[in-house]
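The values are calculated or read from the model by the stated rules, or taken from the named source; none is laboratory data. What you are looking at is a predicted structure, and each value in this text was computed from that prediction instead of being measured. Cβ sites come from the backbone with ideal geometry, for glycine too, and all protein chains shown count toward neighbours.
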Ligand SMILES: Nc1ncnc2c1ncn2[C@@H]1O[C@H](COP(=O)(O)OP(=O)(O)OP(=O)(O)O)[C@@H](O)[C@H]1O
Ligand SMILES: [Mg+2]
């Protein structure tokens with residue numbers, strides 16, 4: 001059987017109250033008995049003394065035990081709740097009022113008797129019950145003297161009573177009954193009150209549990225269920241917990257959809273790449289097969305043409321595979337950075353020099369601003385060269401003949417300089433601009449040249465700059481031109 005938190009709390013509370021009730025009941029019974037015995041003993045305190053003083057048989061000491069025994073019998077008939085014993089100075093029972101077969105002990109301990117006669121003990125004082133080996137009862141006693149010589153003790157057991165249940169005894173005492181009823185009433189009231197308080201405080205917890213169960217049934221889709229409006233700034237911890245739980249669900253859902261998106265992107269990328277690889281590969285295979293099957297029939301000129309085309313496809317394949325490897329390597333996160341300080345303008349000149357043929361072919365005007373500068377940067381030369389090559393290669397391809405490309409260095413405060421690569425080429429449409437750094441993305445303005453371009457250059461560039469701890473920004477106006485900017489450190493970071 002599964003119990004809810006509230007049911008378990010109520011059950012524990014019930015158990016606690018039952019224990020309190022039992023303890024209280026026994027305590028009251030004990031107290032009542034003690035009080036009753038005390039008053040009874042106090043009431044009969046002088047009984048034995050007056051008997052010893054007034055009875056002629058005991059006045060001058062005991063000489064006739066049979067007469068005394070008869071006297072005890074007569075007294076017991078008058079007061080059946082009393083038992084009379086006469087003890088010698090050592091506590092030995094000499095004579096008594098009850099049937100001899102009922103006597104279980106011959107001696108009575110005198111200490112409580114002496115304490116009672118000397119008023120040394122607080123009432124009730126219990127003495128040995130001769131009818132039982134261990135039981136003790138309340139009594140009254142008086143020493144019996146012959147002249148000045150102690151002859152023994154008159155020992156009267158007072159509480160020789162019928163058995164009454166503690167409950168009926170309690171009932172018979174009116175005042176006790178009222179107090180017991182009052183206390184019981186208070187206990188029951190407290191119990192009900194605490195149950196109500198528990199119910200009130202555990203209600204938000206029950207609601208949170210219901211919310212969680214409901215969410216579980218709809219795969220944690222918050223839009224499909226009506227949930228309690230949990231408040232973050234409430235002083236109630238359950239509210240805070242509920243709010244945090246819903247936030248957690250949001251975060252998990254968000255990350256899950258991000259994962260799904262990146263997974264589907266990867267699939268797309270893989271499909272595109274397979275296609276890009278397959279096209280040059282099958283063309284390569286086709287030309288080599290033709291060459292091998294028709295080697296005798298092909299003219300020298302045809303053969304050279306086929307080999308040239310096969311080689312072009314092979315270069316294309318290699319270029320693509322190299323780029324893919326580079327991107328995968330950069331994304332793997334195991335890339336080492338070799339920082340050094342060098343002159344930025346010099347590096348720009350070096351990279352531009354690599355493209356001099358294409359620049360000349362297209363009659364482009366390329367300027368480095370300022371042409372000579374002493375600005376030093378602290379970076380990884382080979383990675384920066386790779387970045388610049390990608391950006392300048394793009395600019396050259398997307399800028400029409402006689403166009404302009406500008407590489408501008410600007411010194412900033414706080415140990416940084418900005419590099420801007422801008423062209424007045426065909427530009428990217430605003431709606432396509434956010435995607436140009438995605439792997440395999442080529443915008444509608446994309447230009448082709450002798451080489452095959454697959455849209456990996458900017459993805460590699462962005463990754464490389466991330467590794468160099470900087471971020472690339474792009475601005476572009478369709479038909480007017482594009483500019484890329486990023487920052488570099490002048491000196492090593494402190
Ligand atoms: N300077 C530029 N001017 C206009 N469009 C550009 C420029 N640079 C990049 N783009 C656009 O962004 C797209 C992505 O550029 P990216 O360098 O990643 O690919 P790519 O140059 O087409 O191919 P790859 O770099 O793999 O050879 C290009 O296809 C192009 O549409
Ligand atoms: Mg490119």
Exercise. What do you reckon, is residue 396 in contact with a helix residue (DSSP H, G or I) (Cβ under 7 Å, 6 or more places away or on another chain) and over 23 Å from residue 438 (Cβ atoms)?
Worked result: no
Exercise. Scanning for something part of a helix (DSSP H, G or I) and loosely packed, with under 15 Cβ neighbours inside 10 Å, does segment 75-90 turn up at least one residue?
Worked result: yes
Exercise. What are the pairs, 6+ residues apart or on separate chains, where a residue within segment 418-438 that is over 21 Å from residue 403 (Cα atoms) has its Cβ under 8 Å from a residue that is more than 8 Å from ligand 1 (Cβ to nearest atom) and in a loop (DSSP other than H, G, I, E, B)?
Worked result: 418/412; 430/478; 437/472
For this session: Using the structure shown, decide if residue 3 is modelled with pLDDT under 85, on the phi < 0 side of the Ramachandran plot and not in a helix (DSSP H, G or I).
Result: yes
Exercise. Of the numbered conditions (1) within 13 Å of ligand 1 (Cβ to nearest atom); (2) free of Cβ contacts under 8 Å to residues at least 40 places away in the same chain, residue 466 satisfies every one except a single condition; which is it?
Worked result: (1)
For this session: Tell me, yes or no, whether segment 315-330 has at least one residue that is surrounded by fewer than 16 Cβ atoms within 10 Å (Cβ to Cβ), under 60 Å from the mean Cα position of the chain (by Cα), within 30 Å of residue 418 (Cβ to Cβ) and away from ligand 1 (no atom under 16 Å from the Cβ).
Result: no
Problem set entry | Matching entry among 429, 491 (being more than 13 Å from ligand 1 (Cβ to nearest atom), under 53 Å from the mean Cα position of the chain (by Cα) and surrounded by fewer than 16 Cβ atoms within 10 Å (Cβ to Cβ)) | 491
Exercise. Hey, does segment 347-364 have a residue that's within 14 Å of ligand 1 (Cβ to nearest atom), closer than 17 Å to residue 410 by Cα, assigned by TED's automatic domain parsing to the domain that holds residue 451 and in contact (Cβ under 8 Å) with a residue 24 or more places away in the chain?
Worked result: no
Exercise. Got at least one residue in segment 434-441 being over 19 Å from residue 277 (Cβ atoms) and near ligand 1 (Cβ under 6 Å from one of its atoms)?
Worked result: yes
For this session: Confirm whether residue 229 is under 30 Å from residue 9 (Cα atoms) and surrounded by fewer than 11 Cβ atoms within 10 Å (Cβ to Cβ).
Result: yes
Seminar exercise, completed: Subset of segment 130-156, residues touching a helix residue (DSSP H, G or I) at 6+ places or on another chain (Cβ under 7 Å) and either surrounded by fewer than 17 Cβ atoms within 10 Å (Cβ to Cβ) or in a strand (DSSP E or B) (or both), comes to 138, 140, 141, 142, 143, 144, 153, 154, 155, 156
Exercise. Mind checking whether some residue in segment 102-115 is touching a helix residue (DSSP H, G or I) at 6+ places or on another chain (Cβ under 7 Å), assigned by TED's automatic domain parsing to the domain that holds residue 32 and not in a helix (DSSP H, G or I)?
Worked result: no
For this session: Answer yes if at least one residue in segment 398-417 is under 49 Å from the mean Cα position of the chain (by Cα), buried (at least 16 other Cβ atoms within 10 Å of the Cβ) and near ligand 1 (Cβ under 9 Å from one of its atoms), and no otherwise.
Result: no
